[in-house]
Every structure is written in C-alpha cells, then in structure tokens.
Amino acid sequence: MTDAPTLTYDRDTSIVARLRAGFDSGRTRDLAWRQAQLDGMRRMLIEQEQTLLDALRSDLRKHPVESWMTEIGSVLGEIRHARKNLRRWAAPRRVHTALMAMPGRSRILPEPLGVVLNISAWNYPLQEGLVPMVGALAAGNCVLLKPSELGPASARALGELLPRYLDPDCVGVYQGGPDETGALLKERFDHILYTGGGHVGRIVARAAAEHLTPVTLELGGKSPAIVHRNTNIALTARRIAWGKWQNAGQICISPDYVLVHEAVRDDLVAALKTEIAAMYGPDPQASESYGRIVNARHFDRLTGYLDGQTILHGGQHDRDELFIAPTLLDAPDPTAPVMQEEIFGPLLPVLSYSDPQEAMRFVTARDKPLALYLFSNDTTFTDAMLGGISAGQVCVNDTLMFMACPALPFGGVGASGTGNYSGKFGFDTFSHLKPVLRRFWAFDISLRYAPYTARKGRLLRMAGR
Ligand code: NAD
C-alpha cells in the first residue's frame, strides 16, 4: 500500500548453484540440521513478529491479530507438528514383502530431492512461503523462496530475515516479478512448488518440463459454500463471514459464492448482514479489522464485477484507499464474469436452489473447486455432496478451518491444482520415497531362472493367482 518499500529485484541466478553446492555438501541429510532449520524459522517468527506484522499491514492492511492467527500462528503450528514427527517421517518405512521376493525385507527410505523452488503468491506471504518450506526442509532439501513482488514489504522482510535465521548456504530468497522468475525457471530444480493463478501455473509447468522437474501446483478456483435448509443459520453466517471477509476476501479458499436452499435464503442473507456489522461495524472502511485490495489492477477487476449486478448489501468502494466493502450480490447470472472467474475479493454472490441435486449439478458443471463448504445437520445431505462433488478439500459446517490441521494435506484437484503439502504430506512431496528390497541369500528358489519348463510355469501360476 502507500508506504510499501520498493523491492530490489534479483538479476543473478547464481544463488541456485550456491544452494546446489550446499545440498551436495551432504549436511541437509542430517536430522539435526533439519531440526535446526525448523527451530531457526520458529525463532525468526517469534523474535521478528513485529517486523513481519508491520510488513503484512503495509502490504494488505491486515490487522495484527488476523496476521498472527492466519500467518505466523499457522506456520508455528506447522513447525511444531513437523518437529514432533520428523524422526518418524524420516525413518525407514517397513512394508510387506511379496511371496515371490521372499525371503527378503522391503523398506522405503525417504531421501531429499535436492534444491526446491517455492514460488509463492502475495495474499498470505508467510503461510504460502513458509509452510511448504517446513516440509521441504524437514525432508532435507535446500530451498529457494521466490516471494510475490505484489507484497513488497513481506517479500523484503522474508529476504532479509530468512538467511539470518536459517543456513544461508542452503536457504535463499530470490526477489522478482515475471521477468526475473522467467530467468530463474531456466535453471534446473529438483522440485518446484508454485502458488498462484492457473495461467502462470501453466508457464511454470512448461518450464519445469524442460528439466523433467516435478511440480506441485497450488492454484485457485471458485469454491462454493452450500447451505442446506436444516442448519444453524446464525453460526453458518458467522463462519461464512469469517472465511469470506478476512484479508478482504483475497484467499484462495474463501467461499467464492453461496448456494443456499430457497427456504432459508432470506434468513441467511439477514444473518450475513448482521455478521458483517458485528465484525466490521456500520462503516467497514473505518474498521481496523478490515483489509484492503492488494493493488489498483485487482481493485478495478473487482469493481468491474459489480456492473449490472443487484447489490443486497455493501458495494461501497474507494479507489484511493483500495477499499471495497463486504458485499452481497443477488443471484448473478451464471454467465456474468463474477460467476465465470474466481472472485478473489470481498464480493459474495448468493444464489438459491430448491433441490440438492440442482446445487450439485451447478458445482460439478464447473472446474473442480479448491475448497467445498457444506452447511447442514443432515448427514444424508452432506454425504451425498461429499460423494458427488470432487474438491481439493472440504469443511463441513465451517470455512477454512482445515488450514489449522497440519495432519490434513492441503492441495487442489483438476484445475485447482495438483499435488499437496502440509505435515507428513509436505514431507513426502519433497522426498523421494526410495524403495529398497534386501534379499537374503538363503532359500534361493530356482523357479524364476531359465531354463523355463512347463512345471515352472504351472508353479508360478499357482503362486501368482
Ligand atoms: P501472484 O501475482 O503473486 O503470482 C504468483 C507468483 O507467480 C508470484 O511469485 C509471481 O511473481 C509469479 N509470476 C507472475 N507472473 C509470472 C510469469 N509470467 N512467469 C513466472 N512467474 C510469474 O499471485 P496471483 O496469481 O495473483 O494469485 C492469486 C491466485 O492464486 C488465485 O487464483 C488464488 O486462488 C491462487 N492462490 C492459490 C493458493 C493455494 O494455496 N492453492 C494460495 C494463494 C493463492
């Protein structure tokens, strides 16, 4: 925002060679090194809390309490979980040995991949930048973070702080926009994790393909909240409002639109208005708890969505302050841009349905969402929706809260992304799970060796059926 510091862009990609030398030194394989990195990150978050909160305030006018809860606190939770489980995740994993391979012992040895590139977005710079790093460092990799240039204060803070608290030969931060990232993507990495929109996701995947580098793509999409008639309307509205309007709706997993049963549509709209007033007061522009749109381009995109729409609530905006009020839209036409594109802002279309099948068809006719929210006391309804709709992750009777559970993987499906991270899933994403079969010398069954005979064939079939 106004007092955002300018960012110095990196032109020199030799940092990749430095990190590769760090990896080749072998020290990242040591569990003590990995633990030290996680502890360093934890110390950074605690000692530099104010610097980080100030940066988030400067970029997005996030309230410090919101920033702590959704950024610093959630990374600390991820670190705690990894610290507690690291030894177990990194240990050889014993698996069953098939009869044909007996006598022997089968194990999976997790091994680090090498140098991981993490290209992150601007909306949750700490969470998107650091949570994947926890998994990558726990797995024994070197990591290069490329924060988004659209959050310059946070990007600069991470660039200054990470090398101070973590091993600078193995952890680096590279600053830049599309051009610099394009240059970086010419380098070979061992894994690339990208968080952002699908258009750039394709650019990243194409660049990775040149080196046959595996990618994890954390993309977006239109995540619906489906509210059935038998639900606690007041709490449903409060939880939708919390998940929709924090960070002014700039959340990849915020409820993009609401599909509500027609019998409770008016009650839900009234309850949402009550919650907006309770959380942000009569004038959200004056509320310290309400954020701002990241830049004028996104502001113009969002206010453009209002053209021709019926506004049920909110709609006020101020370009000088990049402010757009929490806004409810009445049943936009499905062909309108606001229903075609991911909103990624504080506008919430409210559409109604009469038959749950109709609601399900509405969602499944579109790209698979990153998140699905179901509100109902009726498990027949929620089970039917869970069975019929594919989505990156689901929360029943709340929004966003799966982010507070490091034991759950986080990721998209189809157009909303590929692969996942968090907890053990992050550890595994950034590991090669190396299968090792150790055969014993005893009992060398001759069945598999030539010369092949009809008897050997019969016995093999008997054993293999
Ligand atoms: P963004 O503009 O910050 O871009 C993301 C990253 O891509 C940045 O680091 C940027 O520098 C880089 N980039 C931009 N253009 C590039 C190019 N031409 N070549 C190489 N790199 C380039 O973020 P955004 O795309 O505006 O983010 C919003 C989107 O991200 C939404 O769709 C949202 O749903 C999605 N998102 C997903 C997640 C998730 O975890 N799944 C999290 C946050 C945001």
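Being closer than 30 Å to F362 by Cβ and away from the ligand (no atom under 16 Å from the Cβ) is a description that applies to L272.
Inside the stretch 358-377, can you point out the residues that are of a type in the set (D, E, K, R) and free of Cβ contacts under 8 Å to residues at least 12 places away in the same chain? Scanning the stretch 358-377 gives E358, R361. Can you find, within the stretch 200-231, the residue that is least open to solvent (accessible area, probe 1.4 Å) among those that are more than 16 Å from the ligand (Cβ to nearest atom) and over 30 Å from D355 (Cα atoms)? Per the criteria, the residue is P214. Across the stretch 176-199, the qualifying residues are those that are within 6 Å of the ligand (Cβ to nearest atom) and loosely packed, with under 15 Cβ neighbours inside 10 Å, and the one among them that is nearest to T13 (Cα to Cα) is G182.
The residues of the stretch 286-319 that are among the charged types (D, E, K, R), under 22 Å from L272 (Cα atoms) and within 16 Å of the ligand (Cβ to nearest atom) amount to a single one, R292. Scanning the stretch 329-372 for residues that are in contact with a helix residue (DSSP H, G or I) (Cβ under 8 Å, 6 or more places away or on another chain), outside any loop (DSSP other than H, G, I, E, B) and among the aromatic types (F, W, Y) turns up just one, Y353. For the stretch 387-424, the set of residues classified as under 21 Å from V258 (Cβ atoms), in a strand (DSSP E or B) and among the β-branched types (V, I, T) consists of V394, V396, listed by residue number. Does V260 count as modelled with pLDDT of 95 or more, farther than 26 Å from T51 by Cβ and either surrounded by fewer than 23 Cβ atoms within 10 Å (Cβ to Cβ) or not hydrophobic (A, V, I, L, M, F, W, C) (or both)? Answer is no for this residue.
When we screen D54, D10 for residues that are open to solvent by 30 Å² or more (accessible area, probe 1.4 Å) and either at pLDDT below 95 or not in a helix (DSSP H, G or I) (or both), the only hit is D10.
In this structure, is M69 surrounded by fewer than 16 Cβ atoms within 10 Å (Cβ to Cβ) and either in the same structural domain as L113 (by TED's automatic domain parsing) or part of a helix (DSSP H, G or I) (or both)? Here the answer is yes, as M69 does meet what is asked. With a requirement of 2 or more residues that are more than 16 Å from the ligand (Cβ to nearest atom), the strands (runs of 3 or more DSSP E) lying completely within the stretch 76-168 that satisfy it span 93-95, 104-112. Restricting L113, L161, L150, L130 to residues that are in the same structural domain as L31 (by TED's automatic domain parsing), at pLDDT 95 or above, open to solvent by less than 20 Å² (accessible area, probe 1.4 Å) and under 21 Å from the mean Cα position of the chain (by Cα) narrows the list to L130. Considering only residues that are touching a Pro at 6+ places or on another chain (Cβ under 6 Å) and either modelled with pLDDT under 95 or open to solvent by 20 Å² or more (accessible area, probe 1.4 Å) (or both), which ones fall in the stretch 407-432? Once the filter is applied, which keeps residues that are touching a Pro at 6+ places or on another chain (Cβ under 6 Å) and either modelled with pLDDT under 95 or open to solvent by 20 Å² or more (accessible area, probe 1.4 Å) (or both), the stretch 407-432 yields N420, F425. If you go through the stretch 232-244 and keep only what is crowded, with 23+ Cβ neighbours inside 10 Å and away from the ligand (no atom under 16 Å from the Cβ), you end up with T236, A237, I240, A241.
Taken as a whole, the condition of being in the same structural domain as F189 (by TED's automatic domain parsing), charged (D, E, K, R), in contact with a strand residue (DSSP E or B) (Cβ under 8 Å, 6 or more places away or on another chain) and at pLDDT 95 or above does not apply to R80.
Residues in the stretch 313-327: is at least one under 23 Å from A365 (Cα atoms), in the same structural domain as A263 (by TED's automatic domain parsing) and open to solvent by less than 60 Å² (accessible area, probe 1.4 Å)? Taking every residue of the stretch 313-327 in turn, none turns out to be under 23 Å from A365 (Cα atoms), in the same structural domain as A263 (by TED's automatic domain parsing) and open to solvent by less than 60 Å² (accessible area, probe 1.4 Å). In the stretch 353-406, how many are touching an Asp or Glu at 6+ places or on another chain (Cβ under 6 Å) and surrounded by 15 or more Cβ atoms within 10 Å (Cβ to Cβ)? Selection size over the stretch 353-406: 1.
Does any residue of the stretch 373-386 turn out to be within 16 Å of the ligand (Cβ to nearest atom) and either over 28 Å from the mean Cα position of the chain (by Cα) or part of a strand (DSSP E or B) (or both)? Checked the stretch 373-386: at least one residue is within 16 Å of the ligand (Cβ to nearest atom) and either over 28 Å from the mean Cα position of the chain (by Cα) or part of a strand (DSSP E or B) (or both).
Residue by residue, here is whether (1) over 25 Å from S223 (Cβ atoms); (2) assigned by TED's automatic domain parsing to the domain that holds W242; (3) within 12 Å of the chain's Cα centre (by Cα) holds:
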| residue | (1), (2), (3) |
| --- | --- |
| L400 | no, yes, yes |
| N420 | no, no, yes |
| F427 | yes, no, no |
| R439 | yes, no, no |
| I445 | yes, no, no |
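The values are calculated or read from the model by the stated rules, or taken from the named source; none is laboratory data. Just so we're clear, the structure is a prediction, and the values are computed from it rather than from any experiment. As a convention, Cβ positions derive from the backbone with ideal geometry for all residues, glycine included, and neighbour counts pool all protein chains shown. Protein only, heavy atoms only, side chains kept; ligands, DNA and RNA dropped before computing areas. Shrake-Rupley method; radii C 1.70, N 1.55, O 1.52, S 1.80 Å.
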